[in-house]
Amino acid sequence: MTRRPVLYVFGSAAPPVREFPDVVRRAQAEGYEVCVGLTPTAARWLGGEVAGLAEATGHPVRSAYKLPGEPDVWPRADAILVAPATFNTLNHWALGLTEHFIVGVVAEGIGKEIPLVTMPCVNSAYVRHPQFGRSLATLREAGVEVLYGPGGFVPHRSGERRADGYPWDVALGAVARVLGGRR
Ligand SMILES: Cc1cc2nc3c(=O)[nH]c(=O)nc-3n(C[C@H](O)[C@H](O)[C@H](O)COP(=O)(O)O)c2cc1C
């Protein structure tokens, strides 16, 4: 029996992270074994739903580093999706500031050559900050598939949401594409 590819689905604190229960179901239906990671703020937003995500995936939901000497509780990733990726998380990742567990994993993921896909969720004010473009350029140069701009995430105005919702189909399509040669 061939094993299912392992997909880490990581989310930070932007409103689409509330859709994780449905996104996890969709990823599982597409054949992935899913492990969920969250920033501490995203975990706080999901509250009681975190336990349901652990039950649905069969793996603990992680938002903190393990202690030295503790075993790894997840299988090795075949690919990692970081979505929704906040302005804050993207900048931390690009700058190599690994205080948060999920940022540490994807920062190392570049060096480990794990296929990495991210889709920002940012408003049109954040994107005018000079660091935003630099962070996306840094991540793209490092080989990360960044789904931003036409065909990916297009920023909304501050305080608004896109009428057509967060494009999860684009994110899952990109994961299938980056894994294409490896499945
Ligand atoms: C209701 C609400 C909506 C937010 N939406 C976004 C967003 O779409 N994009 C973003 O970058 N930050 C957004 N933020 C701000 C982030 O939650 C905040 O910067 C947080 O520190 C991000 O932490 P994290 O990247 O560790 O998850 C929002 C905050 C609130 C309270």
Can you list residues from other chains, or at least 5 along the same chain, whose modelled amide H is less than 5 Å from the amide H of C35? L7, Y8, V9
Full-extension gain in nm, R25 to R177, via 0.36 nm per residue minus C-alpha separation: 52.8 nm
Using the 10 angstrom Cβ neighbour count as an exposure proxy, how do E49, E160 rank, fewest first? E160, E49
Measure out, as a whole number of angstrom, how far apart the alpha-carbon centroids of the stretch 51-128 and the stretch 6-40 sit. 11 Å
If neighbour count is taken as other Cβ atoms inside 10 Å, put L81, L179 in order from fewest to most. L179, L81
Rough spin-label spacing in nm, given labels placed 7 Å along Cα→Cβ, for R134 and R44: 2.7 nm
Quick one: order Y8, Y65 by neighbouring beta-carbon count within 10 Å, fewest to most. Y65, Y8
To the nearest 20 Debye, how big is the dipole of the chain about its Cα centre, given +1 on the beta carbon of each Lys and Arg and -1 on that of each Asp and Glu? 220 debye
Per the charge dipole of the stretch 51-159 (beta-carbon charges, Lys/Arg positive, Asp/Glu negative, Cα centre), the residue among L116, N91, G133 reaching farthest to the positive end is G133
Residue by residue through the stretch 62-78, which ³J(HN,Hα) values in whole Hz follow from phi under the Karplus form 6.51 cos²θ - 1.76 cosθ + 1.60 (θ = phi - 60°), with glycine and proline marked x? 10, 9, 9, 5, 6, 7, x, x, 6, x, 6, 9, 10, x, 5, 7, 8
Cα→Cβ-extended label distance, 7 Å offset, between I110 and A142, nm: 0.3 nm
What shape does the chain take by its C-alpha gyration tensor, where a ≥ b ≥ c are the square roots of the eigenvalues and a/c under 1.5 counts as rounded, a/b above b/c as prolate, and the rest as oblate? rounded
3J(HN,Hα) from dihedral phi, the stretch 45-50, Karplus parametrisation 6.51/-1.76/1.60, rounded to Hz, x for glycine, proline: 5, 7, x, x, 6, 4
If r is the Cβ-Cβ distance from R76 to V154 and R0 is 35 Å, what FRET efficiency results, to the nearest 0.05? 0.55
Does the stretch 1-57 come out rounded, prolate or oblate, given a ≥ b ≥ c as the square roots of the eigenvalues of its C-alpha gyration tensor, rounded meaning a/c under 1.5 and, failing that, prolate meaning a/b above b/c? prolate
Could you go through the stretch 102-115 in sequence order and give the Karplus-derived ³J(HN,Hα) for each residue, using 6.51 cos²θ - 1.76 cosθ + 1.60 with θ = phi - 60°, rounded to whole Hz, and x for Gly and Pro? 5, 5, x, 5, 7, 5, 5, x, 4, x, 7, 6, 7, x
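FYI, it's all coordinate maths here, none of it is from the lab. Remember, it's a predicted structure, so these values are computed and weren't measured experimentally. Heads up, the Cβs are rebuilt from the backbone with ideal geometry, glycines too, and the neighbour counts pull from every protein chain shown.
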